[in-house]
Amino acid sequence: MFQRNRLRWAKLALAIPVLAGIFSILLSPWPRAQGLSPEQFILSLAAAIDQTSLTPRERLGLRLFFDSNLSEPAGLACASCHDPRRAFTGNNNTIIGVALGSRSDQFGTRDAPTVMYLATAPRFGGLEKDGKRVPAGGFFWDGRADTLEEQAKQPFFNPVEMNNADAPALIAKVAKSTYAGEFRKVWGEKIFDNPEAALDAVAESIAAFERTRVFQPFTSKFDYVMRGEAKFTEQEQRGLGLFTIRQKGNCAQCHIVDEASRDPQKSLFTDFSYRALGLPRSTRIPKNADPAFIDLGLCERVPVAGTKPGAEAPKPRVTDPASCGLFKTPTLRNITVTAPYMHNGFFDNLRDAVAFYATRDTDPAGWYPEGKKFNDLPAQYQANVDVDTPPYQRRPKQRPQLNDEEIEDIVAFLFTLTDGYNPEWGRSGYKPRAEITPPRSPIPSPSPPASSPASRSEY
């Protein structure tokens, strides 16, 4: 299946004009096909990005983002888990839903989220939702960083990611890099004399790069339609309706969209809030082999600013049980190229992810072993799972709010959120619709409910 997907994308590349910036490389072949080392391949991805509009600080951030010499041992870059071909996701090309670190025996526990549109996230706080104050904002799945700069630092020192011992160890590598002179020009000749100040400069450079149009281009078909420059197909239009209608998908409850606005910032397809979905436990995550390990998400949030680089954050005592099991709502922009899905990477297939929302409560046996729901949360926290917001309010054996055709319509609409759309496709009748999925895992996710066609970090 993975080979077929690669062939489909290779054919699609012939029909797509070269676009400035990131989407000129979305369809690049894998490094094995090019005969390149991983380091050479990562550098080739960086070279494919249009740098002409970047400031010196932003270009420096790009160099840091794609530098595979900044891990311990060398070989892992930010881009290894945030691959531009996959809208800056990718998990270092693993097939288990979470990322492989710089050491071959170290794996994260969460799927690497997309870095695209990350700069739109507010600081951690809260928002009013259905008359209640709910947690929202921040970076990482648990919101523990308040700024892009804080977020950029932590992977360098996480032992299951880039594994540097401390700031001096990391900065010594930056000082020996091919762009060290460029770094001094931007940040001062003596910047490497103070590792802590240099670490701040590294984080600010990466954050500056992540705030550029490379990461938030707003060039999807949805954006063109909102500007009156393209039209949805009938199926896509139905999908949008089902996406927003409360009595159907109700996806817009958390993945906000403003159909009346031409401003793309009004349709980020996330409200940055935290929800407990009660996902099935993933047997593919190595750490989950220990039944005592439970990822509780928000209630174990340790703010990055409160931890020292190089020091592993202690597992906190739960002080707010009502926030256990909650994880941040991700953007759905570019969702068709960011598989696997959910914080634990449980779903390889987008249709399965949509079907889960619709049938989690009406057919739990299709998702959980022996139909025992919420098997990745201790019993005392299962009351935190959302069972009231449509479509979750249904009960076993009831008819889901979405049937098979309606699920397909929503998926068709989600394909319109992929950046790099060309309005000429609509005029010529050409309709690209390809989903990037990870290689098939030897431990697949469970079969979807009978109503569905068969399919298959620490962030």
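The values are calculated or read from the model by the stated rules, or taken from the named source; none is laboratory data. Keep in mind that this is a model prediction, so the values were computed, not measured. All Cβ positions, glycine included, derive from the backbone under ideal geometry; neighbour counts span all protein chains shown.
Brief remarks on what is shown
- Flag for ARG133 being at pLDDT 95 or above, within 20 Å of ARG301 (Cα to Cα) and among the charged types (D, E, K, R): no
- Among the residues of region 49-86, just one is modelled with pLDDT of 95 or more, more than 22 Å from PRO113 (Cβ to Cβ) and among the hydroxyl-bearing types (Ser, Thr, Tyr), namely THR55.
- Looking only at residues in region 260-281 that are more than 24 Å from ASP130 (Cα to Cα) and touching a Pro at 6+ places or on another chain (Cβ under 9 Å), the one that is surrounded by the most Cβ atoms within 10 Å (Cβ to Cβ) is PRO280.
- Residues being closer than 15 Å to GLN398 by Cβ, surrounded by fewer than 20 Cβ atoms within 10 Å (Cβ to Cβ) and among the basic types (Lys, Arg) - total across region 353-373: 1
- Here ARG184 meets the list (1) surrounded by fewer than 19 Cβ atoms within 10 Å (Cβ to Cβ); (2) part of a loop (DSSP other than H, G, I, E, B) almost entirely, failing just condition (2).
- Here LEU242 meets each of (1) under 24 Å from MET116 (Cβ atoms); (2) of a type outside the set (Val, Ile, Thr); (3) touching a Lys or Arg at 6+ places or on another chain (Cβ under 6 Å) with one exception, condition (1).
- Taken over region 47-88, the criterion of being under 20 Å from SER102 (Cβ atoms), outside any helix (DSSP H, G or I) and hydroxyl-bearing (Ser, Thr, Tyr) is satisfied by SER68, SER71.
- Qualifying residue in region 29-48 (condition: of a type in the set (S, T, N, Q), surrounded by fewer than 20 Cβ atoms within 10 Å (Cβ to Cβ), under 16 Å from THR178 (Cα atoms) and at pLDDT 65 or above): yes
- Checked against (1) over 20 Å from the mean Cα position of the chain (by Cα); (2) over 22 Å from ARG59 (Cβ atoms), GLU189 passes all but condition (2).
- Residue list for region 312-329, filter: in a loop (DSSP other than H, G, I, E, B) and buried (at least 23 other Cβ atoms within 10 Å of the Cβ): GLY325
- Whenever a residue of region 294-308 is under 13 Å from LEU377 (Cβ atoms), its partners that are modelled with pLDDT of 90 or more and β-branched (Val, Ile, Thr), lying with C-beta atoms within less than 9 angstrom and at least six residues away or across chains, give the pairs ASP295/THR109; ASP295/ILE285.
- If you go through region 171-183 and keep only what is charged (D, E, K, R) and under 25 Å from LYS308 (Cα atoms), you end up with LYS173, LYS176.
- Taken over region 379-431, residues that are closer than 30 Å to ASP320 by Cβ, surrounded by 12 or more Cβ atoms within 10 Å (Cβ to Cβ) and among the polar types (S, T, N, Q) amount to 4.
- Some residue of region 138-148 being over 13 Å from ASP67 (Cβ atoms) and over 18 Å from the mean Cα position of the chain (by Cα): no
- Of all residues in region 284-311, those being assigned to a loop (DSSP other than H, G, I, E, B) and surrounded by 11 or more Cβ atoms within 10 Å (Cβ to Cβ) number 12.
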